[in-house]
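The structure appears below as structure tokens.
The values are calculated or read from the model by the stated rules, or taken from the named source; none is laboratory data. As the structure is a computational prediction, the values presented were derived from the model and not from experiment. Glycine gets a Cβ as well: all are built from the backbone with ideal geometry, and neighbour counts include every protein chain shown.
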């Protein structure tokens, strides 16, 4: 089993395989919900993180086994940064995230079934890019600074969904994933004396279409 | 224009040319509609050197005086292209290429000084020679000869050059020790002549003040002949009449800066604000119209017509606006026991904008000489009329009539006005409500100039001589005794000091009475018309003071102990200055808030003073241990040893952003915002660092004045700037143009700089450095 998983991972990483399997290439999009992070300073705190926003992306995969397959995907997440405490809010700070992951998909039905529920898990990286306009004296700057820079975060993801081959060579899927990464500390930089911990969840609901052959 | 009179349809006399001889065989004028100018040759005396005045067409304000080869003596016309004036003259036809006199594009050589006044301020701390400059230029843009001269016998003033070619930046050195006994302001006229220029340049006024430390007040230079001042009761403004330019100057009483100017009729004499505080009325002695201005918009409104003469002194009370008039054609229905009255008092109907002379003033004959003056009580319930003959009269708004007239003195002049509804001041005489002399105030301090009321007390200013100090004192309105007299920095204006030889046909009408004191709307300041413009006093000018004590000196940027030549320093102590005050404009004064500071016997230019702090610039010439002394009216501090380093770079902490204050003045040029935790430094940023303590520059910067802009003053020793372990290339290091003691270093942030939330930014010059922790983000 471990050997199979390792092989699938190699496939997901884009290593070509000499075996003939079912291939899939598609586009995916949806909406992401990100619970806020807490930045603490002494006995006070502020909420920060990324805003909820849309996602678009592409993916490619291969059904190597009856129940297991592998995928790689790229997602572009629209996710301006946020920082607030009580009624005080920092101005909207433009940002986005690139997400690249490689995943294993475990299906509940074998290859060839029209409807295939699945679970997914994997890992990769997020590249958070702050692109807003910085300014001195930013509100709540005593907690954190929203910064025009980028930051690479390791990412794990878990999720579940269902695939539906509604036509020959055409597949529709609905899925939910949670991309989990450590809290950023460059794009959202905690102020001296403040701490920003925990993990950054980004729960995404997506639909996708793909070509299969 | 008819003869020497500017008329409007009606006909209404808008303005007349001052001092014209009235001989219509001499002189002439032409109207340049293209430039909206009048070219007027109106001889004052037969046989005088012919001079053409270029005047504005609305109020005959003299812009320039042009020498003519011959007197115009007949018809004068402008060519169709508005480029040439042809005039019949004594010798034939005079051809004047007036296009070459165009204020903007004219190429005719015309020598002028760019400054009207040059101010030299000495004081108890500053007895060194004071350098100032006058700029002589040719308005035609060429290089033309000029000569400068001072009145014969002038001492203590040395001109860097007495002749030259335009453009010239002429040094004038004044030795204050020559003038120090005056303890006031000496004015000297610097004459400009030019053989090659076509104009007769206006002289420059050299204003030399050598106040003593016990004289109070902040001097604000206002060029020109200022003849009246009125404070706005609700707005933070004072209005001043500049008679030689036919202007009302509006000054903000907080900033002491001019905020507006309004064009009056010719030769304005006095002002009054209407009952509703909406309009300002100005009496003009060379116009049959009193000007009216909307004080919200500063726009002229329909004027008030005086059909019979020229309005002078105007006052407003409840239900009545009165004006003294220089009557030309008196109404024939005003008859007194001595016969027909030639010069009555007029009452203004503001709604119809007309003025008429009542047949009598109550039970009194309406015969009021034109040099009389009117003033209302602060409540506007009564009007005081003061005549130079010594006669005074009072109008009671409640009964709408003149109720008292009396002659308590044989002659009168100087200050006139009301302390309240019951007490008036004319000259040195305090009059009660019956206009009997209730008291005579002391005259040891000279002639009275201004009168007012503040905080339940009267105020009065006096002076013995125009070039000497003035005195302000409170008047106890119960005992009618003056008290708490204090010397003021320069003498208040007197009718004698305002009466100066006329220049050409610039009108001058000076009444024997003066109004030179105004209390601001917030009751916090007293503004006096004085010899060089304004003197501003705090309302507590007579507060007791203590001998100053100096406890320390730090730099004025980050408050650190390092101070350096040319840098900004903060003197700390107590009892330093009797009152808090900040400087207005440049050069910085060496006395402020009645305090001055010396370091090594060099007076320091002062930014601001208070009881506990004095912010000043240090001399460029001193290093090492030098004695620092503060003087105020109570005495002199013990010397405090100040250690002046060769260099002492210190970054200002004056930045403000959002609700943050005290930010270091390090600016990212990318967003022109202060560097702080939320605006970190990035690679490829250009940073501007504002600091003090970088010492000498090349060229040397003027002490206490704005740094030059061309060429820029570059630090003689270039500092090094590091960010963490990275060296930042210095793009510029020098003084900020126009600033005093403020330096700027521009640096480039290279790619290799390491990111961190706390990175040391260090500026080092010689063996001295300063370090600031900043956030750096890379990338």
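For the range B:301-336, filtering for residues that are more than 18 Å from residue B:372 (Cα to Cα) and in contact with a strand residue (DSSP E or B) (Cβ under 6 Å, 6 or more places away or on another chain) leaves 5.
In the range A:103-119 there is no residue that is in contact with a strand residue (DSSP E or B) (Cβ under 8 Å, 6 or more places away or on another chain), within 14 Å of another protein chain (Cβ to nearest Cβ) and buried (at least 21 other Cβ atoms within 10 Å of the Cβ).
So is residue B:377 in contact with a strand residue (DSSP E or B) (Cβ under 8 Å, 6 or more places away or on another chain) and over 23 Å from residue B:273 (Cβ atoms) or not? No. Which one of the conditions (1) touching a strand residue (DSSP E or B) at 6+ places or on another chain (Cβ under 7 Å); (2) assigned to a loop (DSSP other than H, G, I, E, B); (3) modelled with pLDDT of 95 or more does residue B:342 fail to meet, given that it meets all the rest? (3) is the only condition that residue B:342 fails.
Scanning the range B:118-147 for residues that are buried (at least 22 other Cβ atoms within 10 Å of the Cβ), over 30 Å from residue B:213 (Cβ atoms) and under 24 Å from the mean Cα position of the chain (by Cα) yields one hit, B:136.
Let's see how each residue does on (1) in contact (Cβ under 8 Å) with a residue 40 or more places away in the chain; (2) surrounded by 14 or more Cβ atoms within 10 Å (Cβ to Cβ); (3) within 25 Å of residue B:109 (Cβ to Cβ); (4) not assigned by TED's automatic domain parsing to the domain that holds residue B:225:
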residue: B:14; (1), (2), (3), (4): yes, yes, no, yes
residue: B:21; (1), (2), (3), (4): no, yes, no, yes
residue: B:44; (1), (2), (3), (4): yes, yes, no, yes
residue: B:58; (1), (2), (3), (4): yes, yes, no, yes
residue: B:83; (1), (2), (3), (4): no, yes, yes, yes
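Here is the figure for the range A:132-146: residues that are in contact with a strand residue (DSSP E or B) (Cβ under 6 Å, 6 or more places away or on another chain) and either more than 7 Å from chain B (Cβ to nearest Cβ) or assigned to a loop (DSSP other than H, G, I, E, B) (or both) total 10. Tallying residues that are buried (at least 19 other Cβ atoms within 10 Å of the Cβ) and modelled with pLDDT under 90 within the range B:46-56 yields 1.
Please find, within the range B:659-692, the residue that is nearest to the chain's Cα centre (by Cα) out of those that are facing another protein chain (nearest Cβ under 8 Å) and either surrounded by fewer than 16 Cβ atoms within 10 Å (Cβ to Cβ) or in contact (Cβ under 8 Å) with a residue 24 or more places away in the chain (or both). The extreme case among them is B:659.
Restricted to the range B:172-274, the set of strands (runs of 3 or more DSSP E) holding at least 1 residues that are outside the structural domain of residue B:589 (by TED's automatic domain parsing) and in contact with a helix residue (DSSP H, G or I) (Cβ under 8 Å, 6 or more places away or on another chain) comprises B:185-193, B:204-210, B:226-231, B:268-273.
Testing residue A:166 on (1) surrounded by 15 or more Cβ atoms within 10 Å (Cβ to Cβ); (2) more than 14 Å from chain B (Cβ to nearest Cβ); (3) over 22 Å from residue A:100 (Cα atoms), one condition comes back false. Which one is that? For residue A:166, the exception is condition (1).
For the criterion of being out of contact with any helix residue (DSSP H, G or I) (no Cβ under 8 Å at 6 or more places or on another chain), more than 14 Å from chain B (Cβ to nearest Cβ) and assigned to a strand (DSSP E or B), residue A:154 passes. Residue B:362 meets the conditions (1) surrounded by 16 or more Cβ atoms within 10 Å (Cβ to Cβ); (2) at pLDDT 95 or above; (3) at positive phi in every case but one. The failed one is (2).
Taken together, B:367, B:349 contain a single residue that is touching a strand residue (DSSP E or B) at 6+ places or on another chain (Cβ under 8 Å) and surrounded by fewer than 17 Cβ atoms within 10 Å (Cβ to Cβ), which is B:349.
If a residue has to be assigned to a loop (DSSP other than H, G, I, E, B) and either out of contact with any strand residue (DSSP E or B) (no Cβ under 7 Å at 6 or more places or on another chain) or away from chain B (no Cβ under 14 Å) (or both) to count, how many in the range A:171-213 make the cut? Even if it seems obvious, please write down each step before you answer.
Step one: of the range A:171-213, the residues assigned to a loop (DSSP other than H, G, I, E, B) are A:183-187, A:191-194, A:197-198, A:213.
From what's left, either out of contact with any strand residue (DSSP E or B) (no Cβ under 7 Å at 6 or more places or on another chain) or away from chain B (no Cβ under 14 Å) (or both): A:183, A:197-198, A:213.
Selection size over the range A:171-213: 4.
Out of everything in the range B:645-658 that is within 36 Å of the chain's Cα centre (by Cα) and more than 10 Å from every other protein chain (Cβ to nearest Cβ), what residue ends up being farthest from residue A:135 (Cα to Cα)?
Filtering the range B:645-658 for residues that are within 36 Å of the chain's Cα centre (by Cα) and more than 10 Å from every other protein chain (Cβ to nearest Cβ), the one farthest from residue A:135 (Cα to Cα) comes out as B:650.
Give me the strands (runs of 3 or more DSSP E) completely within the range B:718-779, filtered to those with at least 2 residues that are more than 14 Å from chain A (Cβ to nearest Cβ), without any contact (Cβ under 8 Å) to a residue 24 or more places away in the chain and touching a strand residue (DSSP E or B) at 6+ places or on another chain (Cβ under 7 Å), ordered by residue number.
Details: elements: B:720-723, B:726-728, B:730-735, B:743-748, B:756-765, B:768-776.
Ranges flagged: B:730-735.
For the range A:56-68, the set of residues classified as over 19 Å from the mean Cα position of the chain (by Cα) and under 18 Å from residue A:162 (Cβ atoms) consists of A:63, A:66, A:67, A:68, listed by residue number.
Strands (runs of 3 or more DSSP E) fully within the range B:551-643 that include at least 1 residues being at pLDDT 95 or above and surrounded by fewer than 19 Cβ atoms within 10 Å (Cβ to Cβ): B:568-574, B:606-609, B:613-617, B:624-632.
Scanning the range A:157-170 turns up one or more residues that are touching a residue at least 12 places away in the same chain (Cβ under 8 Å) and not in a strand (DSSP E or B).
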